[in-house]
Amino acid sequence: MSSARPGTTTGSGLARRRFAGTVAGLAATAAVSALNVKDAGPAHARHRSGRRPRTDRPLFLGTYTSTEGGGTGIGLGTYDTSGRITATGVVADVADPSFLALAPGERTLYAVDEQQQGGVTAIALPSGGAPTVLGTRSTGGAGPCHLSVHPGGRWLLSANYLSGSVAVHPIAPDSGALGERTDLVTHDSPPPGPGQDGPHAHQILTAPDGRHVLAVDLGNDTVYTYRLDETAGRLTEVSRAALRPGAGPRHLTFHPSGRFAYLANEVDNTVVVCGYDAGSGRLTPGTPQSTGTGAGTSYPAQLLVTRDGGFAYLANRGHNSLTRYAVEGGGARLRLLDTVPVGGDFPRHLAFSPDERLLFAANQKSGTVTVFSVDSGSGGLTRTGEPFAAPVPVCVLPL
């Protein structure tokens, strides 16, 4: 592994990654195309009546802007306690904002610009005012698809999918704006897994201990652990976890205890429970297990774990379902309970409301967001209302 320039890629790689369904996306675009950033009102979004009821909360949607039927920027909306979503505007002129993350304190929103010349954009969320784009910085790679804010709030971490690299940017403490990149690390070893053309960094996040940063690479079946120098903003590798060849690890989610993590493997359609040692940052993968979707691949996308560590949910894009697991043994085991139809096509991203009473699913190909109520006792999911139409939604972020 090195901090060298990432390898070259082509625009066709971006097209393959997006799996975009255009017909539903076009219909969703027509429904919201008249919205733009000036429609956003106090507290990030205004209710259609002109006032935002106290029960309404803000919601953001990531999309692709360069795909036919895609959006025109970051979608703005509100949702109520029943899960009903109301569109309120768009933060325009943000290119391909396919993944979103909030800074601590919720004063700033960050978005990837998933393009050949990748970037990350900062958007200010002033209380009582409209969102304001603060600027974009280059990630130094192609096709950034994930980002996260380090818990200290001083560093933004991003993953370049097409070029297989991870980047670090400083965050201005006063404004939340981004500074010039301080590091870029390319996953130049081990060799790519079966059927892969190179490394494909898909996720970067900070472990619950706050001392280690983990990067999930689908292309070479590896999860890298780094230490982040919080003064210089540079990454130093401390360990690697190898998945079985052809697993295609995509998304890692920690158990609240911090001793275990769950890995969704996109290519071989499995989930793996991993042990995690906070002292060394070492991740130890266990035995792959079923997603409950039957034979073949179903492109599992992402896992969510409840705050109490009792249940986990997996989005299955090919199967168009959500798998429900009981978490047992203090986080050491996942027991498959059932799969529930998602009510849309290609669920790309899941998110809880802050109180975890609602679960949102962004369905990329159907151009919809479906919402479920969550039973805190059983972990059962019940769909609420009709799907919300949105242009190619690939990320949903309810506040």
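Considering the dipole of segment 280-353 built from charges on the beta carbon (Lys and Arg +1, Asp and Glu -1) around the Cα centre, which of 344, 280, 322 is farthest to its positive end?
Projecting each Cα onto the dipole axis, the largest value belongs to 280.
Just want to confirm a number: the relative contact order over the chain, from Cα pairs under 8 angstrom separated by 6+ residues, in percent. Intermediate values should be presented prior to the final figure.
Numbers: 1237 pairs, mean separation 52.7, N = 399.
Worked out over the chain, it gives 13 percent.
Placing +1 on the Cβ of each Lys and Arg and -1 on the Cβ of each Asp and Glu in segment 58-190, which of 145, 115, 162 has its Cα farthest towards the positive end of the resulting dipole?
Value computed over the given set: 145.
Under a plain spin-label model, where a point goes 7 Å from the Cα along Cα-to-Cβ, how far apart in nm are residue 277 and residue 328?
2.7
Please give the solvent-accessible surface of residue 161 in Å², to the nearest 10, using a probe radius of 1.4 Å with every protein chain present.
30
Once every Cα of the chain carries one equal point scatterer and solvent is ignored, give the base-10 log of I(q)/I(0) from the Debye formula at q = 0.08, 0.10, 0.11, 0.12 Å⁻¹, two decimals.
-0.37, -0.59, -0.73, -0.89
Roughly what percent of Cα-Cα pairs across segment 244-399 reach past 25 Å?
Here the long-distance tail beyond 25 Å is 25 percent of all Cα pairs in segment 244-399.
Just the C-alpha atoms of segment 316-399: what Rg/Rh do they give, with Rh taken as the Kirkwood radius?
On the way: Rg = 12.9 Å, Rh = 13.2 Å.
The Rg/Rh ratio comes out at 0.98.
Rounded to the nearest 20 Debye, what is the dipole magnitude of segment 273-399 about its Cα centre when Lys and Arg each give +1 and Asp and Glu each give -1 at the C-beta? If you can, show how the numbers build up before the last one.
Values: 10 positive and 9 negative charges, 52 e Å.
In debye, rounded to 20, segment 273-399 gives about 240.
Would you calculate, for the chain, the mean residue ellipticity at 222 nm contributed by helices, counting each DSSP H stretch of 4 or more residues as -39,500 (n - 2.57) and dividing by all residues, to the nearest 500? Don't jump to the answer; show the numbers that get you there.
Values: 2 runs with 19 residues, N = 399.
Mean residue ellipticity at 222 nm (helix-derived): -1500 deg cm²/dmol.
Using a 1.4 Å probe, what is the accessible area per residue for segment 47-154, in Å²? Mind showing how you got there, number by number?
Working: 4120 Å² over 108 residues.
Spelled out: the 1.4 Å probe surface of segment 47-154, per residue, equals 38 Å².
Could you list, bin by bin from short to long, the percent of Cα-Cα pairs of segment 299-353 in 10 Å steps?
P(r) for segment 299-353, in whole percents per bin: 27, 52, 21, 1.
For a quick check: with amide H placed at 1.01 Å from N, whose amide H comes under 5 Å from residue 139's, ignoring anything fewer than 5 positions away on the same chain?
118, 119, 120
Taking Cα atoms of segment 182-276, Rg/Rh with Kirkwood Rh, to two decimals? Intermediate results must be reported in sequence, preceding the final value.
Values: Rg = 13.1 Å, Rh = 13.5 Å.
When Rh is taken as the Kirkwood radius, the ratio is 0.97.
Which value in nm describes the separation of the simple spin-label points at residue 238 and residue 211, placed 7 Å from the Cα toward the beta carbon?
Taking the two extended label points, one gets 0.5 nm.
Using unit Cβ charges (K, R positive; D, E negative) and no other charged atoms, how large, in debye to the nearest 20, is the dipole of the chain about its Cα centre?
On the way: 33 positive and 31 negative charges, 96 e Å.
It works out to roughly 460 debye.
Quick check on segment 101-143: take the gyration tensor over C-alpha atoms, sort the square-rooted eigenvalues as a ≥ b ≥ c, and tell me if it's rounded (a/c under 1.5), prolate or oblate.
Details: a/c = 3.50, a/b = 2.38, b/c = 1.47.
Prolate shape, in that a/c is at least 1.5 and a/b is the bigger ratio.
The values are calculated or read from the model by the stated rules, or taken from the named source; none is laboratory data. Because the structure is a prediction, the values reported are computed rather than measured. When we count neighbours, we look across all protein chains shown, and the Cβ atoms used for this are built from the backbone with ideal geometry, even at glycine. Keep in mind that these areas ignore ligands, DNA and RNA; they rest on the heavy atoms of the full protein, side chains included. Shrake-Rupley method; radii C 1.70, N 1.55, O 1.52, S 1.80 Å.
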